[in-house]
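The values are calculated or read from the model by the stated rules, or taken from the named source; none is laboratory data. Just so it is clear, the structure is predicted and the values come from calculations on it, not from any experiment. Here the Cβ positions follow ideal geometry from the backbone for every residue, glycine too, while neighbour counts run over all protein chains shown.
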Amino acid sequence: HAGSEARRMSGINRGAVSIGSAAVLLAEERLGSLEGRHILVLGSGEMGVLVTQALAAKHLSAIYVANRTFDRARLLAEKVHGTAVPMADLYRYLTLSDVVICCTAAPHPVIRAEEVSQAMNSRSWPLDTTRRPLIIVDIAQPRDVEEEVGKIPGICLYTIDDLRKVNDDTAQFRKEAAMKVRAFLDQELTQFIRLFNRKAADELLATLHSWAEQIRIRERDRALSRLSGYDDRLREVTDDLTRVLTRKLLTDVTLTIRTCAERGEMQIAENLVGAITRGEMICSRTSD
């Protein structure tokens with residue numbers, strides 16, 4: 001419970017924890033929100049899996065997955081209810097997307113400037129010369145996207161170097177959040193120990209109250225035996241009276257015993273119960 005409350009209170013689990021999630025967070029920051037967007041993921045390896053998992057909770061309109069091996073693209077797309085894209089149709093789906101995240105293991109660029117420039121012509125509305133912007137995040141090593149792509153009008157190209165700030169910001173945020181969490185958990189631990197120790201007094205208090213109840217019943221019956229011809233009403237009143245008196249007499253000592261238990265001073269609590277139930281003298285408390 002304390003762990004869940006710490007995460008909720010501090011937000012320590014927010015932010016990017018991997019390059020894949022950092023790429024998604026970067027795209028989200030640039031667009032304001034990914035809700036309703038179309039995202040193309042290029043690559044279905046380990047990094048592609050991380051990226052698609054991070055995208056799955058963003059309420060997208062569509063996730064396209066492209067890979068050199070179509071069957072692998074299809075398997076990954078099915079996991080996130082996306083659409084597998086043949087590499088031959090890469091640039092057509094690029095024009096349909098708001099964000100492209102590249103993370104293949106190819107040894108050479110997969111997205112070339114010439115083809116991207118031609119594809120961007122399709123991103124203009126009729127009678128409008130302004131191209132709809134396209135965000136490309138290249139987290140592959142070596143790079144999937146030719147450097148010249150970043151110079152094409154309407155293209156916002158980010159590389160793995162741009163993700164360092166995202167991760168640095170997340171690391172700083174989590175460092176500060178961790179300090180808040182530590183302070184919170186220290187308080188919760190103190191409270192837990194107090195309640196745990198308090199629970200240790202239950203058996204001791206049960207002994208005390210059982211002793212008191214036996215005396216109450218004995219003295220009640222003695223009093224009733226001295227009354228001739230008492231009815232059920234008188235017995236009920238006498239029983240209530242003795243019960244209330246017993247409870248009130250034990251209120252302060254019960255509180256004291258629980259307080260001793262919370263402090264871990266069970267010996268004092270035991271001595272107190274012993275003095276009450278067996279007439280034992282309370283042992284002098286040794287100095288701390």
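Residues of region 131-141 include at least one that is more than 25 Å from Gly36 (Cα to Cα) and either at pLDDT below 85 or out of contact with any Phe, Trp or Tyr (no Cβ under 9 Å at 6 or more places or on another chain) (or both).
The helices (runs of 4 or more DSSP H) found entirely in region 27-115 that carry 2 or more residues being over 26 Å from Ile152 (Cα atoms) are 46-55, 70-79. The set of residues in region 76-97 being polar (S, T, N, Q) and within 14 Å of Asn121 (Cα to Cα) consists of Thr95, Ser97.
Looking only at region 87-116, which residues are over 21 Å from Pro133 (Cα atoms) and free of Cβ contacts under 8 Å to residues at least 24 places away in the same chain? Matches in region 87-116: Met87, Ala88.
The rows are residues; the columns are (1) under 39 Å from the mean Cα position of the chain (by Cα); (2) on the phi < 0 side of the Ramachandran plot; (3) among the polar types (S, T, N, Q).
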position: Asp138; (1), (2), (3): yes, yes, no
position: Gln141; (1), (2), (3): yes, yes, yes
position: Ile152; (1), (2), (3): no, yes, no
position: Lys165; (1), (2), (3): yes, yes, no
position: Glu176; (1), (2), (3): yes, yes, no
position: Arg194; (1), (2), (3): yes, yes, no
position: Leu208; (1), (2), (3): no, yes, no
position: Ile215; (1), (2), (3): no, yes, no
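Exactly one residue out of Arg182, Arg164 is in the same structural domain as Arg8 (by TED's automatic domain parsing) and surrounded by fewer than 14 Cβ atoms within 10 Å (Cβ to Cβ): that is Arg164. Flag set for Ala269, criterion: at pLDDT 85 or above, aliphatic (A, V, I, L, M) and closer than 20 Å to Leu195 by Cβ. Condition (residue is surrounded by fewer than 23 Cβ atoms within 10 Å (Cβ to Cβ), over 21 Å from Glu146 (Cα atoms) and touching a residue at least 60 places away in the same chain (Cβ under 8 Å)) applied to region 50-67: is it met by at least one residue? No, region 50-67 contains no residue that is surrounded by fewer than 23 Cβ atoms within 10 Å (Cβ to Cβ), over 21 Å from Glu146 (Cα atoms) and touching a residue at least 60 places away in the same chain (Cβ under 8 Å).
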